[in-house]
Amino acid sequence: MNTLIIKNENDTKLFAEALTPQLKPGDIIALVGDLGTGKTTLTQYIARCLGITEDITSPTFNIVKEYKSGKIPLYHFDVYRIKSLEDLFEIGYEEYFYGNGISIIEWADLIYEAIPENAYIIDISKDKADPNKRIYNFNFDINL
């Protein structure tokens, strides 16, 4: 696991700018973190790096939102309200996960059993000493 301290929103942007070029269709980014840790903010920056022009908002009540204006389609999931893997099957998650876009999943820890092994996993937490900072723990290499 790699660890990075994110001091401000510009650091979030820089992280997204470093991550996005290595993404390809079919990749999955699994975001884990409590409410208010910046999962949607990171998703917004990744979307901008993909050239997506639509406003990116949390898909809380939709479970998944599709954005197709960029270089690669983005499928933004919020699985907080998913109660079982059966609920995921009902929305056809496999078509998204194994399709021609990039899937970003907020609250991914709630569906770990559905997350492929090769997913980019980013666990975001608030720094206890400075709640304005974030700690990113992630399972991949990145050149910052």
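The values are calculated or read from the model by the stated rules, or taken from the named source; none is laboratory data. Every value quoted in this text rests on a predicted model; they were computed, and no experiment measured them. Here the Cβ is made from the backbone with ideal geometry for all residues, glycine too, and neighbour counts use every protein chain on show. To get the accessible areas, we keep the full protein, side chains included, count just its heavy atoms, and leave off ligands, DNA and RNA. Shrake-Rupley method; radii C 1.70, N 1.55, O 1.52, S 1.80 Å.
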For residues that are acidic (Asp, Glu) and in a strand (DSSP E or B), scanning just region 97-123, find the one that is nearest to Ile72 (Cα to Cα).
Glu106
Any residue that is closer than 26 Å to Asp11 by Cβ and either open to solvent by less than 80 Å² (accessible area, probe 1.4 Å) or of a type in the set (Phe, Trp, Tyr) (or both) - is there at least one of those in region 80-88?
yes
Within region 58-95, can you find the residues that are among the charged types (D, E, K, R), over 17 Å from Leu23 (Cα atoms) and part of a loop (DSSP other than H, G, I, E, B)?
Arg81, Lys83
Any residue at all in region 95-106 that's of a type in the set (A, V, I, L, M) and over 11 Å from the mean Cα position of the chain (by Cα)?
no
Matching residues in region 1-32 - criterion: being more than 26 Å from Ala129 (Cα to Cα) and not aliphatic (A, V, I, L, M):
Glu17, Thr20, Pro21, Gln22, Lys24, Pro25, Gly26, Asp27
Counted residues, region 93-126 - those being open to solvent by 80 Å² or more (accessible area, probe 1.4 Å) and touching a strand residue (DSSP E or B) at 6+ places or on another chain (Cβ under 6 Å)
0
Might you let me know whether region 33-51 holds any residue that is under 22 Å from Ile135 (Cα atoms), among the charged types (D, E, K, R) and touching a residue at least 60 places away in the same chain (Cβ under 8 Å)?
yes
Say we look at region 17-42 and pick out the residues that are open to solvent by 20 Å² or more (accessible area, probe 1.4 Å) and aliphatic (A, V, I, L, M); which of these is nearest to Ala108 (Cα to Cα)?
Leu35
Over region 1-16, the set of residues out of contact with any helix residue (DSSP H, G or I) (no Cβ under 6 Å at 6 or more places or on another chain) and open to solvent by 40 Å² or more (accessible area, probe 1.4 Å) is Met1, Asn2, Thr3, Leu4, Ile5, Lys7, Asn8, Glu9, Asn10, Leu14
Restricting region 43-57 to residues that are in a helix (DSSP H, G or I) and under 11 Å from His76 (Cβ atoms), the residue that is most open to solvent (accessible area, probe 1.4 Å):
Gln44
Looking at this structure, is Gly70 open to solvent by less than 40 Å² (accessible area, probe 1.4 Å), touching a Leu at 6+ places or on another chain (Cβ under 6 Å) and over 20 Å from Tyr136 (Cβ atoms)?
yes
Residue count, region 110-144 (criterion: under 20 Å from Lys24 (Cβ atoms) and of a type in the set (Ser, Thr, Tyr)):
1
